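Structure first, then comments.
Read-outs throughout are calculated quantities, based only on the coordinates presented, and are distinct from any laboratory measurement. Computed from a predicted structure; not experimentally measured. Neighbour counts run over all protein chains shown; Cβ positions are idealised from the backbone, glycine included.
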Amino acid sequence: DRALAGRRLARLVASADLSGFGVTDRLALRLGGALAPLLPHLVMPLVERRLRDEASDVVLPADDPGLGRHLAMRRDEGMRPNVNVLGEAIVGDGEAAARLDMVIERLRRPDVDYVSVKVSAVCAGISTLAFSDTVDRVVERLLVVYREAAACEPPVFVNLDMEEYRDLELTVAAFRQALDDPTVAGLDAGIVLQAYLPDVRDVASELGEWATHRFARGGGRTRVRLVKGANLAMETVEAELRGWELATYADKPAVDANFKAVLDVLTDPAFDDAVDVGVGSHNLFDVAWALGLRAEMVADGRRERIGIEMLEGMAPAQSKVVSEAAGGLRLYTPVVEHDDFPAALAYLVRRLDENTTPQNFLAQLFDLADDPIRFAREAARFASAVRDRHTVDDRPRRRQDRSQPPALTPIGSPFANASDTDWTHPANRAWIAGHLQVGADAHETAQAEQPIGRAEVDRAVDVARTAQHGWWAVGPDERADILHRVGDVLERRRGEALATMAHEAGKTVGEGDPEVSEAVDFARYYAAEARRLSTVDGADGQPLGTVVVAPPWNFPLAIAAGGV
């Protein structure tokens, strides 16, 4: 909507500090901001053209002549692109099929020998809750890509990208299952691991053992692209919203240490025949460390199996020098269809945000040569990470287990939101599967029983009336305590509630779980409010009693708390 975009541009320009722009750009922005609300259909296409130009060094056009020209240039420079088709998250099978066609179209190009693909880009409805079903559907899609890659001459290398923590176990399972298929047994293929996740050290070891067995059976080699991770903001937001522990390390030194610890695992001599390693980093200390490890391998008569990988358009002068020193370089090269340009901007902003944080090496790069203090600080960070790689904690940070009864929350404790269920854990998936089975049996039994008649309804109403009289005789503090315990009961019986919602109301478990959390929250919150407000004195010196302000759909809870 160009009119909306024009008004937004005007607000941004009015509130922005433009001192970082050159004189011409400052004038153009101010003029554009003034005219955009009045002439959006004239101004906004010019803005988009400028944005495309600004992003063109980092995100390439997906089609010729631009793509072909750039790939040829990189080959002449001794660099090998890893082509990745960007796009918005898919929401249906039609979009998944279209994205799959885009990937296959690129890998069929004679000037492309390496492509990256995400499971979320080729398969709709990714769900860790429906784990086995999702893995099977992802494998079906991946096999289409792998078979196309194997049919090329020479075969095209396919790298499976990693995004969010919730996709880790699922992506690894789909990767292994697909490549164990006899039709692609001999294909070399790769996967990404993100070192900001403590879990990946064990995953790297398991992948190495699996890859070694696959290779021994006559299968292809496995390449692990090791990166530090680029979705920290998304992981932080999801953890905050869901009430979970942050899945990633909380600090950069731990990430740097784990990066080197995982590299130690992947370069174990036991994996020499089967595993190649792509070290994805712009940190020159890490690059030098990887090249040193590679030189030691060669000196010991082992297979040279470490390569260096960087991002297209990020510090291109650095990439050129590293390519010369390393004897080649793999460049992660995002490409975007013309109509998917917003995805290019999202990628660009994420990269800029990631690479300009104070602890990131690229933020320091341009001053290292002329600033001995800054160089010494970066060298010390690197040395510390090398030392700490032996002791950095690699236990998963998320350890929620619904199969264990939750502890009672102390009466009067500060209010805290109930956590949603983390379905990435197999124990939690097994827990809800058990409840669903019990719920199915109960539902079937209930269907076979006599329907409820008027006598049963009258008896229920009588019980409610009797209970109500007793409830009003209880003081505000005791009512608050009871209501607080209601929250604990709801939490302890979460599985039963979810099963009932599924079988009686057709509510999916993924949709029902946050609603149970909300019910727990209402009980505990209104109990805390009732207790707090019962202590407020009125003008006559007497307690005001319990005052609860609640939305209409929570009127029963408000009554339970003692008043409205």
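Computed from phi, the 3J(HN,Hα) profile of region 67-81 under the Karplus parametrisation 6.51, -1.76, 1.60 (θ = phi - 60°) reads 5, x, 4, 5, 4, 5, 4, 5, 4, 5, 8, x, 10, 10, x Hz, with x in place of Gly and Pro. Enclosing the Cα atoms of the chain in their convex hull gives a volume equal to 241 cubic angstrom per residue. Rg of the Cα atoms in region 392-456, relative to 2.2 N^0.38 Å, amounts to 1.75.
Roughly what % of Cα-Cα distances in region 427-497 sit above 18 Å, to the whole percent?
Working: 1628 of 2485 pairs.
Pairs farther apart than 18 Å: 66 percent.
Taking amide H as placed 1.01 Å from N in the peptide plane, Tyr114 has its amide H under 5 Å from the amide H of Val83, Phe157, each at least 5 places away in sequence or on another chain.
What's the Cα-based Rg to Rh of region 171-221, Rh via Kirkwood? It would help to have the intermediate numbers written out before the result.
Numbers: Rg = 11.3 Å, Rh = 11.4 Å.
Rounded to two decimals, Rg over Rh is 0.99.
Note on Asp370 and Ala446: the extension gain reaches 19.5 nm, defined as 0.36 nm multiplied by sequence separation minus the Cα-Cα distance. Note on region 1-136: Cα-Cα pairs beyond 19 Å make up 66% of the total pair count. Our coupling estimate for region 294-301, obtained by passing each phi through the Karplus curve with A = 6.51, B = -1.76, C = 1.60 and θ = phi - 60°, is 5, 5, 5, 4, 5, 4, 8, x Hz, Gly and Pro reported as x.
Relative to the longest principal axis of the Cα atoms of the chain, the long axis of helix 316-326 makes an angle of roughly 70 degrees. Every pair of different Cα atoms in region 329-432 enters the Kirkwood calculation, which places the hydrodynamic radius at 19.7 Å. Remark on Arg223: its backbone amide H falls under 5 Å from those of Ala189, Gly190, Ile191, Asp276, a criterion applied only to residues 5 or more positions apart or on other chains, H modelled at 1.01 Å from N.
Looking at the chain, how many pairs of lysines come closer than 21 Å at the Cα, when each pair is eight or more places apart or spans two chains?
Numbers: Lys118/Lys228; Lys228/Lys252; Lys228/Lys260; Lys252/Lys260.
Total qualifying Lys-Lys pairs in the chain comes to 4.
Sorting the Cα pairs of region 135-294 by distance into bins of 5 Å, from 0 upward, gives 2, 9, 18, 20, 19, 15, 10, 6, 2, 0 percent per bin. Toward the positive end of the charge dipole of region 435-522, with +1 on the Cβ of Lys and Arg and -1 on the Cβ of Asp and Glu, the farthest Cα among Ala502, Ala440, Trp472 is that of Trp472. Working note: Karplus 6.51/-1.76/1.60 with θ = phi - 60° gives region 356-371 the couplings 10, 5, x, 7, 7, 4, 4, 5, 9, 4, 6, 10, 4, 5, 9, 10 Hz, where Gly and Pro are set to x. The relative contact order of region 298-379, computed from alpha carbon pairs under 8 Å that lie at least 6 residues apart in sequence, is 18 percent. Per residue, the convex hull spanned by the Cα atoms of region 313-370 measures out at 95 cubic angstrom. The mean sequence distance of close C-alpha pairs (under 8 Å, at least 6 residues apart), as a share of the length of the chain, puts its relative contact order at 12 percent. Amide H contacts for Leu329 (H built 1.01 Å from N in the peptide plane; partners 5 or more residues away or on another chain; cut-off under 5 Å): Arg80.
A convex hull fitted around the alpha carbon atoms of region 32-71 yields 72 Å³ per residue.
Each residue, Arg377 and Ser403, gets one label point 7 Å from its Cα in the Cβ direction; the gap between the two is 4.8 nm. Across region 1-81, counting alpha-carbon atoms alone, Rg and Dmax equal 16.8, 49 Å. The antiparallel fraction among DSSP beta bridges confined to the chain stands at about 5%. Per-residue extension of 0.36 nm, minus the Cα-Cα distance of Arg493 and Arg302, leaves a gain of 63.1 nm for this segment. Rounded if a/c is under 1.5, else prolate if a/b beats b/c, else oblate: with a ≥ b ≥ c from the C-alpha gyration tensor eigenvalues square-rooted, which is region 261-388? Verdict is oblate for region 261-388.
Could you calculate the contour length gain from Glu240 to Leu35, that is, 0.36 nm times the residue separation minus the distance between their Cα atoms, to one decimal place in nm?
Numbers: separation 205, 0.36 × 205 = 73.80 nm, distance 3.99 nm.
Extra length from Glu240 to Leu35 when fully extended: 69.8 nm.
In the chain, the longest principal axis of the Cα atoms and the axis of helix 476-492 are about 50 degrees apart.
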